[in-house]
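Just below is one structure, and these are the notes that go with it.
The values are calculated or read from the model by the stated rules, or taken from the named source; none is laboratory data. Everything numeric here is computed off the predicted structure, so don't read it as measured data. As a convention, Cβ positions derive from the backbone with ideal geometry for all residues, glycine included, and neighbour counts pool all protein chains shown.
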Amino acid sequence: MQILSNFPGGNIVVESIEDDSVYLHQDLRDTEGDWFYWYFSVIQAQGRTVRFNFTQSRCFTIHGPAFSTDNGKTWAWLGSNSVEGNSFTYTFGPTENSTLFCMSIPYVGADWDAFVKGNTVNSPLVEIGKLGFSHQRRPVETLWLGCLGQTVEHRVVLSARHHSCETMGSYALEGMVAFILSNDPEAIHLRQCTEFLIIPFVDKDGVELGDQGKNRHPHDHNRDYAQQNLYPETAALRNLLPTWSQGRLNVVLDFHCPWIADGVNEILYFVGSAHPRIWEQQQRFGEILERSLKGPLPYRASDNLPFGHGWNIPINFRMGRTFADWATDLPEVRLATTIEVPYANAGGGMVTRESARAFGADVGRALAAYL
């Protein structure tokens, strides 16, 4: 049996393997404090029942780990019955030579490439580009779509992965983009009056390297908007948006995931702004979204987290401004918000690739009504 993480998004530290017991923990690398993301493959374990013991902090969602037996083509939750304490047990089939396990359902550059290829081939509505390059010289993808090269009523920015481990936000973003490109009458009207800029991976290196991304030392990408930038991606965004806006950048939506489980971490919500005019628009947009739901995941505007409540307090922003908060200073921005998409459970609805995409489509439908 071998345990590997030398692939895009991989993250694990193996301490020891003793017969059918494996002792391991998530790689925190340059993370300050603790976080929970891990992702590895197991090969050559056919027919064995193996117990994987995580030796540090909590590492499982309410549905246990996610797993794939077909090299990531499909993913499912293993279920809480597989978990005992901070360990999970898995029985490999007699011909099961390679299995992937992850604390969430992963999403890396190859997933975005496949989505773009499958949805935008030869489309006049789309322009593929790049924001620039990461520290490690990876291209940072952009997708421009909608009313391109014309005078537009609205401009909108959609982004994800300011924290590289927050994979389910990517599926929601993907679902929103798919809706905008669809033949739905509301989507068609939205495209005719709006130009979109999509940045799928703000922390591109972290996504591919399998970093936590959250609480990166000395601060992470989503605290890099108050001072001279540490990261080329955030610097590029700060340079681009004031020029591109031309007074028409009305909405900025940044997709995230919360903590791993429990309480507010298992509902869909917006992170409330400290600016009253933005909070008012967050609530207005939330009410429209609540009425627009067609997917299986429940959302209630009353679940939005006001500034000054729960974790949304000044001390948690002492390392710097977030992207959504910085965007509130841009001319004509009416709505700027972080959207938290839980990893596994949203108000009793199971979060999967399909349900997260459906929620993204709901956000797109609500945006059409809002604008």
Among the listed residues VAL207, VAL156, which satisfies the condition of being among the aliphatic types (A, V, I, L, M), buried (at least 20 other Cβ atoms within 10 Å of the Cβ) and in contact with a Lys or Arg (Cβ under 8 Å, 6 or more places away or on another chain)? VAL207
When every residue in the stretch 142-195 that is among the acidic types (Asp, Glu) and assigned to a helix (DSSP H, G or I) is compared, the one farthest from ASP220 (Cα to Cα) is GLU186
Out of all the residues in the stretch 271-326, which are free of Cβ contacts under 8 Å to residues at least 60 places away in the same chain, part of a helix (DSSP H, G or I) and closer than 19 Å to ARG216 by Cα? PRO314, ILE315, ASN316
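Does VAL157 count as assigned by TED's automatic domain parsing to the domain that holds LEU293, modelled with pLDDT of 95 or more and hydrophobic (A, V, I, L, M, F, W, C)? Outline the logic, then answer.
Numbers: assigned by TED's automatic domain parsing to the domain that holds LEU293: yes; modelled with pLDDT of 95 or more: yes; hydrophobic (A, V, I, L, M, F, W, C): yes.
Answer is yes for this residue.
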Quick one: PRO94 ticks every box in (1) closer than 26 Å to THR31 by Cβ; (2) part of a loop (DSSP other than H, G, I, E, B) bar one, so which box is it? (1)
Within the stretch 127-158, restricting to residues that are more than 20 Å from VAL108 (Cα to Cα) and small (Gly, Ala, Ser), the one that is nearest to the chain's Cα centre (by Cα) is GLY146
What are the residues in the stretch 237-262 that are polar (S, T, N, Q), at pLDDT 95 or above and either over 20 Å from GLU141 (Cβ atoms) or in contact with a helix residue (DSSP H, G or I) (Cβ under 9 Å, 6 or more places away or on another chain) (or both), if any? ASN250
Residue check for ASN265: more than 18 Å from the chain's Cα centre (by Cα), modelled with pLDDT of 95 or more and crowded, with 19+ Cβ neighbours inside 10 Å: no
I'm trying to understand the selection: among the residues of the stretch 331-371, which are at pLDDT below 95 and farther than 26 Å from LEU181 by Cα? PRO331
Being in contact with a Leu (Cβ under 8 Å, 6 or more places away or on another chain) and aromatic (Phe, Trp, Tyr): is that true of TYR343 here? no
Among the residues of the stretch 1-55, write down those that are farther than 30 Å from ARG223 by Cβ and either part of a loop (DSSP other than H, G, I, E, B) or in contact with a Lys or Arg (Cβ under 6 Å, 6 or more places away or on another chain) (or both). MET1, ASP19, ASP20, SER21, GLN44, ALA45, GLN46, GLY47, ARG48
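Suppose we filter the stretch 97-141 for residues that are in a helix (DSSP H, G or I) and without any contact (Cβ under 8 Å) to a residue 40 or more places away in the chain; how many remain?
5
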